[in-house]
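Written below as structure tokens is the structure these notes are about.
The values are calculated or read from the model by the stated rules, or taken from the named source; none is laboratory data. For clarity, every value in this text was computed on a predicted model and none was experimentally measured. In this analysis, Cβ positions are derived from the backbone assuming ideal geometry, glycine residues included, and neighbour counts consider all displayed protein chains. Keep in mind that these areas ignore ligands, DNA and RNA; they rest on the heavy atoms of the full protein, side chains included. Shrake-Rupley method; radii C 1.70, N 1.55, O 1.52, S 1.80 Å.
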Amino acid sequence: MVQIVKAHPKSFYGGLLFIAALLLSNFLIQKMEVTGQVPPLLVLATVIDIMIVLPVVLFLLVLRRKPTLSLLAPLWLLGAGFVHWIVPAYAKEHLQYMNASIILVEAGFILLELFLFVIFIKNLKTWRHNFKASFHTCPHLLARISAANQQTFGDYPKLERLIGFIATDASAIRYAFFPHLDAKPDGDHTFSYHKNSEYFGVFLMLVHAMLIEIIAVHVMLMQYSHTIAWIATLLDMYALVFLIADYQAIRKSPVVMQNNHLHFQKGLRFHMEVPLEKVVEVRRYEGEALPEERHSFTLMLAGLEKVPPQLEIRLSEAVEGYRVFGFKRKVMKVFLTVDEPERFLQALNEARLVSKKDI
């Protein structure tokens with residue numbers, strides 16, 4: 001199959017070149033001391049370069065996307081480890097404010113989650129009732145959690161969004177350590193999308209790489225800061241748990257046609273419900289590469305090589321989907337690959353006819 005190589009804009013390569021120059025110049029000044037003994041002002045400049053300038057250039061020019069906490073947190077920790085590594089031992093006393101800032105930020109997030117957890121516990125009885133009541137309308141775990149959150153905390157939108165952070169963590173723990181609590185939906189109107197993919201091999205490689213990285217990063221950072229080393233290790237362990245939970249969620253969350261809706265859940269990354277009356281066209285995808293469209297959702301798994309999706313579903317109007325940590329996204333098109341595309345197409349067309357008769 002022909003594979004299209006993505007052409008990056010000039011800003012992408014310019015951003016990479018700038019980041020490389022920034023890292024090299026700070027390495028030469030701090031680690032190699034090419035300009036002589038390092039004064040406090042240069043230490044401050046290095047911290048600003050690595051912790052502020054580098055992330056801005058990375059997101060603005062290279063990744064070309066809005067920064068998210070899930071990416072910024074490990075980036076800042078890696079940056080802090082890099083700074084500790086290159087700054088000479090005699091100048092490390094000037095990094096105390098950076099270490100204190102990292103600890104304060106981490107403590108702030110922990111306190112916020114504890115506060116939200118207390119509020120959640122106070123409303124646990126109502127939340128559990130709403131969660132169980134949504135079982136027959138929401139076949140997937142993430143959709144049931146979102147429905148329960150909205151019904152319980154819907155009068156306080158900001159609080160509902162914050163509770164979404166806890167919901168993502170809770171879902172990851174549930175899928176990773178208690179997978180038996182959630183039965184896989186089955187029946188003629190369920191369609192898996194992972195069995196014929198290469199994602200299991202990719203998943204094993206990622207787990208193997210992360211286990212090596214956790215040990216290597218911990219040993220490296222331990223030489224410079226025990227606090228940062230353990231914070232980085234805990235975040236890496238969380239990422240590993242999230243990865244395992246995501247795969248469990250993929251196995252247990254096939255595409256479901258139920259109650260005149262299409263129910264999608266892509267691991268822990270995204271979920272949405274599409275009313276069948278909003279589906280205006282279902283067709284086989286004819287392109288050679290997946291298009292990058294803003295208001296679209298792709299239900300297909302990464303493999304060893306890039307392949308286009310099998311099917312494209314177009315909607316008459318935007319439908320709201322949910323990403324990790326409760327962030328929302330408008331969707332007008334769904335690109336997907338399932339294990340049994342012919343059966344899916346037949347079932348979807350039949351369900352759409354029934355849906356139109358009910359209107």
Exercise. Being polar (S, T, N, Q) and not in a loop (DSSP other than H, G, I, E, B) is the filter here, so list the residues in region 304-330 that pass it.
Key: Ser316
Exercise. Taking Val338 as meeting all but one of (1) assigned to a loop (DSSP other than H, G, I, E, B); (2) of a type in the set (A, V, I, L, M); (3) more than 24 Å from the chain's Cα centre (by Cα), write down the number of the exception.
Key: (3)
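Check whether at least one residue in region 2-11 is under 30 Å from Val307 (Cβ atoms), modelled with pLDDT under 80, assigned to a loop (DSSP other than H, G, I, E, B) and hydroxyl-bearing (Ser, Thr, Tyr), and report yes or no. Step through it out loud before you land on a result.
In the first step, residues of region 2-11 are kept if they are under 30 Å from Val307 (Cβ atoms); the result is 2-11.
Next cut, modelled with pLDDT under 80 only: 2-11.
Then keep just the ones that are assigned to a loop (DSSP other than H, G, I, E, B); that gives 2-9.
Going one step further and asking which of them are hydroxyl-bearing (Ser, Thr, Tyr), we end up with none.
No, region 2-11 contains no residue that is under 30 Å from Val307 (Cβ atoms), modelled with pLDDT under 80, assigned to a loop (DSSP other than H, G, I, E, B) and hydroxyl-bearing (Ser, Thr, Tyr).
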Quiz item: Does Lys333 count as among the basic types (Lys, Arg) and in a strand (DSSP E or B)?
Solution: yes
Quiz prompt | Top-ranked residue in region 294-336 [being touching a Phe, Trp or Tyr at 6+ places or on another chain (Cβ under 9 Å) and among the charged types (D, E, K, R); ranked as surrounded by the fewest Cβ atoms within 10 Å (Cβ to Cβ)] | solution = Lys328
Practice problem: Select, from Arg343, Arg352, the only residue that is in contact (Cβ under 8 Å) with a residue 60 or more places away in the chain, open to solvent by 30 Å² or more (accessible area, probe 1.4 Å) and in contact with a Leu (Cβ under 7 Å, 6 or more places away or on another chain). | Solution: Arg352
Exercise. Return the only residue of Leu162, Leu221, Leu142 being closer than 17 Å to Phe325 by Cβ and at pLDDT below 85.
Key: Leu162
Self-check item: In region 167-211, residue most open to solvent (accessible area, probe 1.4 Å) [restricted to those that are of a type in the set (Phe, Trp, Tyr) and over 17 Å from Leu141 (Cβ atoms)]
Solution: Phe200
Quiz item: If you scan region 143-159, which residues turn out to be more than 16 Å from Gln265 (Cβ to Cβ) and either among the hydroxyl-bearing types (Ser, Thr, Tyr) or surrounded by fewer than 18 Cβ atoms within 10 Å (Cβ to Cβ) (or both)?
Solution: Gln150, Gln151, Thr152, Gly154, Asp155, Tyr156, Pro157, Lys158, Leu159
Quiz item: Which residue pairs have Cβ atoms closer than 8 Å, lie 6 or more positions apart in sequence or on different chains, and pair a first residue in region 285-306 that is closer than 23 Å to Lys330 by Cβ and of a type in the set (Phe, Trp, Tyr) with a second residue that is open to solvent by 40 Å² or more (accessible area, probe 1.4 Å) and part of a strand (DSSP E or B)?
Solution: Phe297/Arg329; Phe297/Lys333
